[in-house]
Amino acid sequence: ADAMGVWVDHATVKIRPNSPSKPEQASAQLKAARNEFESFQLVVTADHGALSGVDVSVSDLNDSQGHSIPSGSIMLYKEAFINVNTPSTIQGATGEWPDALIPKKDEYVGELRNAFPFSVGAGRNQPVWIELYISSTTPAGVYSGSATVTASGQNPVVVPIQLTVWNFTLPSTATLKSAYTIDFHRIPEGHGLGGLNVASSAHLNLIKTYAKANLLHRITNDVLPAAHALNDGWDTFDPLYGPLLDGTERLPGGKLPGAKMTSYRMSVWDNWTDTRFIQAFVAHARARGWFSRLFEYVWDEPKTRADFNAIRTRAQALHRVDPALRALVTTSLQKAEEFGAADVINLFAPTIRFVDNKPNPHDPLGPVPGGVATVGNQRNKYGREVWWYQACGSHDCGGPGGGRDDRDGYHTNWPSYMIDLPAMFSRIMQWQSFKYNIQGELYYDMVYAFGAADPWKTQYYFGGNGDGTLYYPGKPSKIGGKTHIPIESIRLKLLR
């Protein structure tokens with residue numbers, strides 16, 4: 001029987017159901033450091049009729065010296081397709097795109113899920129994401145093993161895997177700071193558990209699992225349920241969430257030992273005038289060794305003089321308590337200088353477009369003072385530390401025609417986390433951070449779609465597919481098993 005085609009591809013492409021097969025690619029050649037994740041894609045193609053009962057297994061990887069990378073540290077995911085009805089930009093496309101990664105056996109609680117075995121419709125591809133973790137104690141060398149694909153009525157197909165482990169080790173915590181917000185209010189709702197209940201241990205622990213998932217992907221969820229909103233305050237917060245900040249939380253499989261959050265948002269909310277509240281917060285953060293990572297998100301994308309006046313009031317309230325408290329504002333230096341607030345902002349977080357804009361600037365959120373003066377590298381105008389972020393302005397925020405009516409090409413080729421754009425768009429952001437000497441990255445939400453429609457069916461918001469959503473709710477009713485878990489996206493893997 002030869003109805004089943006099996007081939008491999010690297011992790012920086014998106015394999016669609018009808019992508020051309022590459023039968024000549026019959027083995028996986030990988031290279032990685034210690035304490036690194038490296039992935040490839042194994043693709044099953046139903047060449048001559050539908051397939052059923054398709055399953056994939058992976059062996060240990062061994063070197064010639066008797067060292068081994070156990071199969072238990074290798075994750076297998078079935079790539080789930082989401083149907084895109086409206087392209088994000090002229091570089092996007094409608095139809096099915098791979099994004100959600102449903103594990104064969106999840107690494108959070110170790111439950112078998114329903115992704116395997118699977119069926120493949122006639123003439124279609126079904127990609128499987130295979131992720132290897134190389135522990136920090138793995139000796140350098142060349143390791144070999146295989147993946148085996150079986151299906152009902154088909155001869156098994158064995159795919160050789162060769163991994164070169166380099167003789168250096170990556171740190172568990174990225175030197176690039178991050179604040180990739182997970183709006184924890186949306187998590188229980190997205191999982192069908194009702195609105196957030198801060199008295200529910202199930203809700204609080206599920207939120208923690210998402211925070212651990214971020215650490216597993218070398219990024220920080222900067223927002224956690226505030227201590228003052230929890231029963232027993234810090235007495236509840238510290239043992240539950242403190243290890244995420246301390247680097248003592250054990251991540252799944254013991255991966256990335258010592259990984260810790262690189263930022264922590266204060267979430268002062270309506271307590272700007274409550275000096276005692278801020279003082280107590282700061283005192284606790286200093287006592288726990290968290291103060292250097294503390295910041296407050298003072299204002300989001302200010303537009304008017306009134307906005308900047310409010311920024312000054314809020315930032316000064318922080319600085320009266322402690323001059324070292326950092327006030328973050330998502331704005332450009334040019335705009336802050338225009339409205340006279342640059343002196344009170346400690347962390348500028350402009351969009352990527354205003355660090356090096358295009359000659360034909362667009363900004364649906366209000367023009368940047370100077371217009372074309374933002375073309376070219378703006379980094380030296382900022383201080384020692386600056387963060388940045390990408391937002392819907394890169395694909396036009398769904399304005400008239402959106403980025404799909406892009407006559408001057410402005411909304412093309414920006415780093416982007418949209419589902420229907422090439423994989424490299426999700427991977428390039430961190431290389432750009434290195435190029436422009438950026439110290440931190442911010443992203444407004446990773447679960448936005450959880451509070452809207454079904455994220456498994458659509459993530460089209462703000463003119464882009466996947467804008468604000470990098471996870472899927474892993475409900476047992478959807479993925480099998482008994483326990484709710486986060487389901488990562490391919491975009492999140494690429495971001496890591």
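The values are calculated or read from the model by the stated rules, or taken from the named source; none is laboratory data. Quick caveat: nothing in here was measured; it's all calculated off a predicted structure. FYI the Cβ positions are ideal-geometry reconstructions off the backbone, even for glycines, and counts take in every protein chain you see. Please note that ligands, DNA and RNA were not included when accessible areas were found on the heavy atoms of the full protein model with its side chains. Shrake-Rupley method; radii C 1.70, N 1.55, O 1.52, S 1.80 Å.
Check segment 302-314 and report whether any residue there is open to solvent by 30 Å² or more (accessible area, probe 1.4 Å), in contact with a helix residue (DSSP H, G or I) (Cβ under 6 Å, 6 or more places away or on another chain) and within 22 Å of V386 (Cα to Cα). There is at least one residue in segment 302-314 that is open to solvent by 30 Å² or more (accessible area, probe 1.4 Å), in contact with a helix residue (DSSP H, G or I) (Cβ under 6 Å, 6 or more places away or on another chain) and within 22 Å of V386 (Cα to Cα).
Report whether or not L318 is of a type in the set (A, V, I, L, M), buried (at least 19 other Cβ atoms within 10 Å of the Cβ), within 21 Å of F237 (Cα to Cα) and at pLDDT 95 or above. Judged against the criteria, L318 is not a match.
Determine if segment 374-391 includes at least one residue that is closer than 22 Å to G95 by Cα, at pLDDT 90 or above and not in a strand (DSSP E or B). Scanning segment 374-391 turns up no residue that is closer than 22 Å to G95 by Cα, at pLDDT 90 or above and not in a strand (DSSP E or B). Pairs meeting the criteria (first residue in segment 208-227 and farther than 17 Å from L294 by Cβ and at pLDDT 95 or above, second residue of a type in the set (K, R) and part of a loop (DSSP other than H, G, I, E, B), beta carbons under 6 Å, at least 6 apart or on different chains) are H217/R496; R218/R496. Within segment 263-279, residues that are farther than 14 Å from R326 by Cα reach partners that are of a type in the set (G, A, S) and surrounded by fewer than 18 Cβ atoms within 10 Å (Cβ to Cβ) with beta carbons closer than 8 Å, at six or more positions or on different chains, in the pairs W269/A226. Within segment 303-340, track down each residue that is under 32 Å from the mean Cα position of the chain (by Cα) and among the small types (G, A, S). Within segment 303-340, A310, A315, A324, A327, S332, A336 meet the criteria. Of the residues making up segment 342-352, at least one is more than 26 Å from the chain's Cα centre (by Cα), open to solvent by 20 Å² or more (accessible area, probe 1.4 Å) and without any contact (Cβ under 8 Å) to a residue 60 or more places away in the chain.
Can you tell me which of I161, I182 is at pLDDT 95 or above and either assigned to a helix (DSSP H, G or I) or in contact with an Asp or Glu (Cβ under 9 Å, 6 or more places away or on another chain) (or both)? Walk me through it before giving the result.
On the way: I161 fails: either assigned to a helix (DSSP H, G or I) or in contact with an Asp or Glu (Cβ under 9 Å, 6 or more places away or on another chain) (or both).
Of I161, I182, the one residue that is at pLDDT 95 or above and either assigned to a helix (DSSP H, G or I) or in contact with an Asp or Glu (Cβ under 9 Å, 6 or more places away or on another chain) (or both) is I182.
Quick one: would you say G153 is among the small types (G, A, S), in contact with a His (Cβ under 7 Å, 6 or more places away or on another chain), open to solvent by 20 Å² or more (accessible area, probe 1.4 Å) and closer than 23 Å to V58 by Cβ? In short, no. Within this structure, T45 fails the test of being β-branched (V, I, T), under 17 Å from V128 (Cβ atoms) and surrounded by fewer than 21 Cβ atoms within 10 Å (Cβ to Cβ). Could you check, for segment 398-405, whether at least one of its residues is over 16 Å from A93 (Cα atoms), of a type outside the set (D, E, K, R) and in contact (Cβ under 8 Å) with a residue 12 or more places away in the chain? Checked segment 398-405: at least one residue is over 16 Å from A93 (Cα atoms), of a type outside the set (D, E, K, R) and in contact (Cβ under 8 Å) with a residue 12 or more places away in the chain. Of everything in segment 412-450, what is in contact with a Gly (Cβ under 7 Å, 6 or more places away or on another chain) and open to solvent by 10 Å² or more (accessible area, probe 1.4 Å)? Give them in sequence order. Within segment 412-450, Y444, Y448 meet the criteria.
Scanning segment 246-262 for residues being without any contact (Cβ under 8 Å) to a residue 40 or more places away in the chain and open to solvent by less than 20 Å² (accessible area, probe 1.4 Å) gives a total of 1.
Condition first: farther than 18 Å from A179 by Cα and either touching a Lys or Arg at 6+ places or on another chain (Cβ under 9 Å) or at pLDDT below 95 (or both). Can you find one or more residues in segment 287-299 that meet it? No - not one qualifying residue is present in segment 287-299. Of all residues in segment 105-118, those that are under 18 Å from K208 (Cβ atoms) have Cβ atoms under 9 Å from Cβ atoms of residues that are open to solvent by 80 Å² or more (accessible area, probe 1.4 Å) and part of a loop (DSSP other than H, G, I, E, B), 6 or more apart or on another chain, in V109/K482; E111/K482. Of all residues in segment 164-179, count the ones that are assigned to a strand (DSSP E or B) and open to solvent by 10 Å² or more (accessible area, probe 1.4 Å). The number of residues fulfilling the criteria is 6.
Just wondering, is there one or more residues in segment 16-24 that are modelled with pLDDT of 95 or more, in a loop (DSSP other than H, G, I, E, B), open to solvent by 30 Å² or more (accessible area, probe 1.4 Å) and touching a Gly at 6+ places or on another chain (Cβ under 9 Å)? So far as segment 16-24 goes, yes, one or more of its residues are modelled with pLDDT of 95 or more, in a loop (DSSP other than H, G, I, E, B), open to solvent by 30 Å² or more (accessible area, probe 1.4 Å) and touching a Gly at 6+ places or on another chain (Cβ under 9 Å). The residue pairs whose first member lies in segment 10-39 and is of a type in the set (D, E, K, R), whose second member is open to solvent by 40 Å² or more (accessible area, probe 1.4 Å), and whose beta carbons are closer than 6 Å, counting only pairs six or more residues apart or on different chains, are R34/S136; R34/T169; E36/L170. Summed over segment 321-341, the residues that are open to solvent by less than 30 Å² (accessible area, probe 1.4 Å) and free of Cβ contacts under 8 Å to residues at least 24 places away in the same chain give a count of 0.
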